[in-house]
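Let me begin by presenting the structure, written as structure tokens, before commenting on it.
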4 protein chains.
Amino acid sequence: MEKYKILVTGFEPFGGYKQNPSQIIAEHLPEKIEKEMPNVELQTAILPVAYKKAKDKLLTLLDSYKPDIVLSMGLWAGISYVTMERVAVNIMDARIPDNDGYQPIDEPIYTEGPNAYFSTLPIKSIVKRLKESGIPASVSNTAGTFLCNYVMYIALHSRATKGYPRRSGYMHVPLLPEQTASVKSEFGIPPSMSLENMIRAAIITLKVTVEKFYVGDEKILL
Amino acid sequence: MEKYKILVTGFEPFGGYKQNPSQIIAEHLPEKIEKEMPNVELQTAILPVAYKKAKDKLLTLLDSYKPDIVLSMGLWAGISYVTMERVAVNIMDARIPDNDGYQPIDEPIYTEGPNAYFSTLPIKSIVKRLKESGIPASVSNTAGTFLCNYVMYIALHSRATKGYPRRSGYMHVPLLPEQTASVKSEFGIPPSMSLENMIRAAIITLKVTVEKFYVGDEKILL
Amino acid sequence: MEKYKILVTGFEPFGGYKQNPSQIIAEHLPEKIEKEMPNVELQTAILPVAYKKAKDKLLTLLDSYKPDIVLSMGLWAGISYVTMERVAVNIMDARIPDNDGYQPIDEPIYTEGPNAYFSTLPIKSIVKRLKESGIPASVSNTAGTFLCNYVMYIALHSRATKGYPRRSGYMHVPLLPEQTASVKSEFGIPPSMSLENMIRAAIITLKVTVEKFYVGDEKILL
Amino acid sequence: MEKYKILVTGFEPFGGYKQNPSQIIAEHLPEKIEKEMPNVELQTAILPVAYKKAKDKLLTLLDSYKPDIVLSMGLWAGISYVTMERVAVNIMDARIPDNDGYQPIDEPIYTEGPNAYFSTLPIKSIVKRLKESGIPASVSNTAGTFLCNYVMYIALHSRATKGYPRRSGYMHVPLLPEQTASVKSEFGIPPSMSLENMIRAAIITLKVTVEKFYVGDEKILL
């Protein structure tokens, strides 16, 4: 039996944060996945928070590795739970410049691309399993218009135009406790989640995705 | 050398929550403290969320054990960090009935007591150490008017009228992740904190309190 | 010179709220618009919070009135500002049953429709003008998956398939102060906005849309 | 019949905000109160956000005017409702320097003062009436440790030591909509309240206080 090929991506730090929890999760996954999911083959990658470089790196990975499943992850400062994103939209609209100083305003990701792609991960089943496992989680209907939405769209566009990856989607994660511990804000301390729970969330997401892999596309959101 | 006598209290569940993280922390502490603070003697107690029973149980403990240090803990659903409470006020004003159905409105805890007591734990040093340890924490200026404020006031009133405990204060803790994972709310998922970080917060609080024990009372908040 | 034909829709109450501010705004608009925008012709309608009835009513209005501009509005309990929605997605996924007891889960609005439509209102210019006018406002990247997203999608689908309305979009509004004044919540009192500011927000939205009407479609979001 | 003498205070702007809604309310009150409460005599004052100057100005006003009732007001950025403060504590602990650059840390307001004073306004009746009038309101158990708590304590200390004012308390107000409209924050737009509702809140507070003036002190919080 052939092994499922999985690609998991995180992002480098950006926007004044010295750490990006999505990077740390991605770095911890290979050891965990080897133990818990021996039937899969995992590659991980840390993407730059820069539109052009992130696209090049992601497309190169997709074209060379041709993964069955892609889980991309990124930081959403201010949420108290992980999200499974439902939809990626064909737009770049950056509140702050990326790490290379590029700040597109209301530009399409692919001029000829559709307005949006829906996640092809079983996001409802994943969120259900996460909650049952004690991890606060929610389906989210927007991945924003910065790099998170961008890499989600690019992987789904690859699927639509090239056929791989078969299943692809995005998980947003909160700040780590050690990041919020040093926030000085007039409006209080933002929520956080332990690294341990974030790593568990990524593993559960991959497990449910593999379990549901053959269910077919008709009810992909369930 | 004599050992410091420490009393740590948590609360039973209340208000629709099946678990109270303060109880779970208190149950985990004896084993941890034995290893990490061999120079102290620890008692823990779980107080009922009932005004009359909680007072009886706490006073009996204080009068028999005569602890040097009391750290009381309770749940504050909705915060994203632990708090070190600065002040306890002489009032009972319950938004919901206690677990025995008693719901005092604007009544004093002790008719002849002062309007308020300040914590005698080194709350600023504790919060500083917690943050340095990666645990989101803040000084809080209100412990509410329910049982949390009540037991904080009672222990400080014992100190003022009987001389023990020398140092006494209160820590509020957030919900656990597994508690917020099952919340169904129109207004989103409340923040949470891992049990591991809550237990570390209690241990750090006790360590800093012991370190500062001889600093004297003049600058007790620092 | 021909007058622009504008349709503004609000919603009936739903989900336990006795009032829907979007309905009240719509009811106040005719008198205000007659004074402030004599160059336009306005129709307003209150849509039921029921998938099937709302679609029938909206399509009948669109097909008979053939408006140039549609501004639909709805309540988003919990926000502190008005939003101009950027995108409507082709999905119905209801957290609660609609007012007729219908609760679709992950169903498309139009089986053959695209995954999403972008608003054709000048949302960035509108938000800029709202803020300059002292009204808290933001572009939003999700209108949810309940009836708000639904009517936004239907109007934009009419535009794409039938050519009218030329400009169409959605504004979410917060609760009214008198609604939040009676909320009993463990987690506090949600934000609100005065009816006066909500009405001003709708008028400003229509004014900017009319001003920008001839700018062309290339930069419709600006 | 003698008229009740009322003093209402607001604060100057501070902390990066160009306006302080409490000042604007205070400036609007004389005209409103003359119409709506002809049986009272009103003085208003704007206090500097500076510990030493605010104390001098407030004590001079109290000693010369000897008001029956004092309502002090201040801004609490981030709340969505007005608060009636329950308690003032004998501490100055400033997160930021005051407008004169003075930043006391954990110092008492009066060395010989009690730890706390309770408001002598009928705060429960006021909050009830505010809510019935459609204004989001709540009793609050902390006025912080900056100038708001400070002037509340000073007026109540005057009452305790000199006998005037008979009734004294504090109302916190949110930001104005035009203030939050210009906030640029990673964590969203803070709540606000219209000036009209803030002014009504102050008038209702004074009306209920006058109505309850003869109830006696036993149940002053009701």
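Derivation of every value follows stated rules applied to the coordinates shown; laboratory data play no part. This is a predicted model, so every value here is computed, not measured. We place every Cβ from the backbone using ideal geometry, glycine too, and count neighbours over all the protein chains shown.
Key figures for this structure:
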| read-out | value |
| --- | --- |
| Filtered residues of region A:77-93 (kept if part of a loop (DSSP other than H, G, I, E, B), in contact with a Ser or Thr (Cβ under 7 Å, 6 or more places away or on another chain) and of a type outside the set (S, T, Y)) | A:R86, A:I91, A:D93 |
| Restricting region C:27-53 to residues that are part of a helix (DSSP H, G or I) and free of Cβ contacts under 8 Å to residues at least 40 places away in the same chain, the residue that is nearest to the chain's Cα centre (by Cα) | C:E27 |
| Positions within region A:112-141 being surrounded by 21 or more Cβ atoms within 10 Å (Cβ to Cβ), among the polar types (S, T, N, Q) and within 14 Å of chain B (Cβ to nearest Cβ), in sequence order | A:S140 |
| Positions within region D:160-177 being within 16 Å of the chain's Cα centre (by Cα) and closer than 15 Å to D:T120 by Cα, in sequence order | D:P165, D:R166, D:R167, D:S168, D:G169, D:Y170, D:M171 |
| Positions within region A:103-154 being touching an Asp or Glu at 6+ places or on another chain (Cβ under 7 Å) and hydroxyl-bearing (S, T, Y), in sequence order | A:S119, A:S140, A:T145 |
| Candidate set: region B:4-26, residues that are β-branched (V, I, T) and assigned to a strand (DSSP E or B); chosen: the one farthest from B:Q43 (Cα to Cα) | B:T9 |
| Those residues of region D:185-200 which are within 8 Å of another protein chain (Cβ to nearest Cβ) and aliphatic (A, V, I, L, M), in sequence order | D:I189, D:M193 |
| Leading residue by the ranking (surrounded by the fewest Cβ atoms within 10 Å (Cβ to Cβ)) among those in region C:158-184 that are of a type in the set (G, A, S) and away from chain D (no Cβ under 14 Å) | C:G163 |
| Test: residue in region A:99-118 that is closer than 29 Å to B:P136 by Cα and in contact (Cβ under 8 Å) with a residue 24 or more places away in the chain | yes |
| Subset of region C:69-95 (residues that are crowded, with 18+ Cβ neighbours inside 10 Å, more than 14 Å from chain D (Cβ to nearest Cβ) and more than 15 Å from the chain's Cα centre (by Cα)) | C:N90, C:I91, C:M92, C:D93, C:A94 |
| Test: residue in region D:180-194 that is free of Cβ contacts under 8 Å to residues at least 12 places away in the same chain, at positive phi and out of contact with any Lys or Arg (no Cβ under 9 Å at 6 or more places or on another chain) | yes |
| Checklist (1) exposed (fewer than 15 other Cβ atoms within 10 Å of the Cβ); (2) touching a strand residue (DSSP E or B) at 6+ places or on another chain (Cβ under 7 Å); (3) hydroxyl-bearing (S, T, Y) applied to A:T9, failing item | (1) |
| Residues of region B:54-76 that turn out to be farther than 19 Å from B:G15 by Cβ, of a type in the set (A, V, I, L, M, F, W, C) and part of a helix (DSSP H, G or I), as a count | 4 |
